[in-house]
Amino acid sequence: MKTIKKTIEVPKKRPTRLCSISSTVTSKSFCIICNKQKSKGVTETFRICEYERAQSFIDATKYYLDEVYTRTSTLNTAEDVFANDLHCHKLCINNYLLKYKRQKSADENPNNIKKQYQIQKSFDAIISELNFSENGYALSDIRDRINGLLDSDLFIENRKVKELLIEKYGENICFAYPRDRSKSQMFYSKIIPSESIVETIRSKKAYK
Ligand SMILES: [Zn+2]
């Protein structure tokens, strides 16, 4: 009798994108995205366990320079994400990464590349007029001055100014976060003495 050798195909296991929290965790964890324990009625949080996803998370925070970035600014690599035991609601992380993915592909659109060029040129022009060795500046002031140079259908927000500043000055730039959220964030060079920053901040009457 002939025996037929059967090869059994073992389906490849999909990589785990999110790992659930260990059952030994008793305290409810804060979500790194929304900074809450409960979001839309959900308290269950997950760890980011997949390399590609962890890297996207880091890239997204650096792109947005938002509160998530502020909470995770010491993290640079996917390994840092794993090592720091970050928790997040499934919906929060999914939305955050999806928003980033969409924004990135919009940025790569040729029309937007042209706009980016115009923004960069206006940014460079305004920045070259600043005296970083002596002054700190309000982010919203610089944003308005850049917008003044751009075509009327084009404008940027504080986030973009911040991104361009970090791109240009890297670690030599600092941002001061005011407690009063109605006041604009300040930025200054790390090499200027702190007394002159205080003077500049004090002397600024009209915050936007
Ligand atoms: Zn959340």
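The values are calculated or read from the model by the stated rules, or taken from the named source; none is laboratory data. Predicted model only: the values in this text are computed from it and were never measured. Backbone-built Cβ (ideal geometry, glycine too); neighbour counts: all protein chains shown.
Some notes on this structure:
- Qualifying residue in region 89-107 (condition: more than 17 Å from the chain's Cα centre (by Cα), surrounded by 16 or more Cβ atoms within 10 Å (Cβ to Cβ) and more than 24 Å from Glu157 (Cβ to Cβ)): yes
- Qualifying residues in region 4-53 (those that are within 22 Å of the chain's Cα centre (by Cα) and among the hydroxyl-bearing types (Ser, Thr, Tyr)) - the one modelled with the lowest pLDDT: Ser29
- Any hit, region 110-119, residues being within 17 Å of Tyr64 (Cα to Cα) and among the aromatic types (Phe, Trp, Tyr): no
- Some residue of region 113-124 being in contact with a helix residue (DSSP H, G or I) (Cβ under 6 Å, 6 or more places away or on another chain), in the same structural domain as Ser184 (by TED's automatic domain parsing) and more than 16 Å from the ligand (Cβ to nearest atom): yes
- Going through (1) surrounded by 13 or more Cβ atoms within 10 Å (Cβ to Cβ); (2) over 21 Å from Arg159 (Cβ atoms) one by one, Ala83 falls short only on (1).
- Residues that are more than 10 Å from the ligand (Cβ to nearest atom) and either basic (Lys, Arg) or not assigned by TED's automatic domain parsing to the domain that holds Thr72 (or both) within region 35-59 comprise Arg47, Arg53, listed in sequence order.
- Criterion (among the basic types (Lys, Arg) and over 20 Å from the mean Cα position of the chain (by Cα)) met by exactly one of Arg159, Arg145: Arg145
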